[in-house]
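Here's the structure we're looking at; comments come further down.
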């Protein structure tokens with residue numbers, strides 16, 4: 001009589017390429033920092049860059065309160081950069 005052993009499908013977390021994952025994260029973060037430096041504004045997510053919220057029938061609209069009807073918003077990374085720059089400026 002043979003005993004059958006069930007194999008478990010648990011991942012081996014030690015085998016993950018942590019160096020490649022860290023490098024990919026660093027490359028993404030560097031690219032985002034460059035994008036925040038060169039283009040600090042992005043399209044508003046609420047109005048999709050138009051500055052207006054349209055009604056369901058598409059005939060009437062109101063101004064977007066999120067972006068002050070400009071269609072552009074400041075990126076999160078740029079807000080962090082501005083806060084760090086202000087803290088450095090206030091410290092000196």
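Below is a table of values for the structure above.
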| read-out | value |
| --- | --- |
| Filtered residues of the stretch 12-47 (kept if surrounded by 11 or more Cβ atoms within 10 Å (Cβ to Cβ) and more than 20 Å from residue 78 (Cβ to Cβ)) | 23, 24 |
| Enumeration of residues in the stretch 13-50 that are in contact with a strand residue (DSSP E or B) (Cβ under 7 Å, 6 or more places away or on another chain) and either at positive phi or in contact (Cβ under 8 Å) with a residue 60 or more places away in the chain (or both) | 49 |
| Lone unmet requirement of (1) surrounded by 13 or more Cβ atoms within 10 Å (Cβ to Cβ); (2) without any contact (Cβ under 8 Å) to a residue 40 or more places away in the chain for residue 59 | (1) |
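Since every read-out is calculated from the coordinates, none of them should be taken as a lab result. Since the structure is predicted, the reported quantities are computational estimates derived from the model, not experimental observations. Heads up, the Cβs are rebuilt from the backbone with ideal geometry, glycines too, and the neighbour counts pull from every protein chain shown.
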